[in-house]
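The structure appears right after this line, and notes come after that.
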Amino acid sequence: MSLKKRDFSKAATSKGYIEVRAGNHVFYRFTDSEGKICDQVHTKMSHGSAKDISDDLLAKMYKQMKFDKKTDLEEYIKCTFTEEKYRNHLRNKGYEV
């Protein structure tokens with residue numbers, strides 16, 4: 001399945017992540033309900049010219065974002081995995097978000 005970088009960015013920034021651009025990468029840092037950065041939940045992408053996210057990168061990202069499987073990340077990007085559901089998922093894994 002081909003997923004667009006811009007679709008991920010839109011989903012992430014509307015569901016608790018902040019975007020930090022540094023060098024050749026865009027870092028996504030998750031924030032708790034008070035807006036503080038949760039250092040344990042994050043991911044990154046290259047600024048590169050590719051518009052799609054490769055399967056290899058998706059495999060890394062879903063683990064960094066603490067999803068159980070890649071399809072959860074795909075649902076998150078498609079907006080069928082809501083911010084509330086994601087926060088509950090992280091809390092169930094022991095993260096304070």
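Coordinate-derived values only; no laboratory data. On a predicted model such as this, the values are computed, not experimentally measured, just so you know. Please note: Cβ atoms are built from the backbone with ideal geometry, for glycine as well, and neighbour counts cover all protein chains shown.
Can you pull out the residues in the range 15-65 that are at positive phi and out of contact with any Lys or Arg (no Cβ under 9 Å at 6 or more places or on another chain)? Passing the criteria: GLY23, GLY35.
Taking the numbered list (1) over 16 Å from TYR95 (Cβ atoms); (2) without any contact (Cβ under 8 Å) to a residue 24 or more places away in the chain in turn, ARG6 passes all entries but (2). The number of residues in the range 79-97 that are free of Cβ contacts under 8 Å to residues at least 24 places away in the same chain, surrounded by fewer than 18 Cβ atoms within 10 Å (Cβ to Cβ) and not in a helix (DSSP H, G or I) comes to 2.
Considering the range 1-33, and only residues there that are in contact with a helix residue (DSSP H, G or I) (Cβ under 7 Å, 6 or more places away or on another chain) and in a loop (DSSP other than H, G, I, E, B), the residue that is surrounded by the most Cβ atoms within 10 Å (Cβ to Cβ) turns out to be GLY16. Within the range 55-68, the set of residues being assigned to a loop (DSSP other than H, G, I, E, B) and loosely packed, with under 14 Cβ neighbours inside 10 Å comprises ASP68 only. Any residue that is basic (Lys, Arg), outside any helix (DSSP H, G or I) and surrounded by 13 or more Cβ atoms within 10 Å (Cβ to Cβ) - is there at least one of those in the range 34-41? No, that holds for no residue. Per the listing ASP39, ASP52, ASP72, the residue uniquely under 22 Å from SER2 (Cα atoms) and more than 12 Å from the chain's Cα centre (by Cα) is ASP52.
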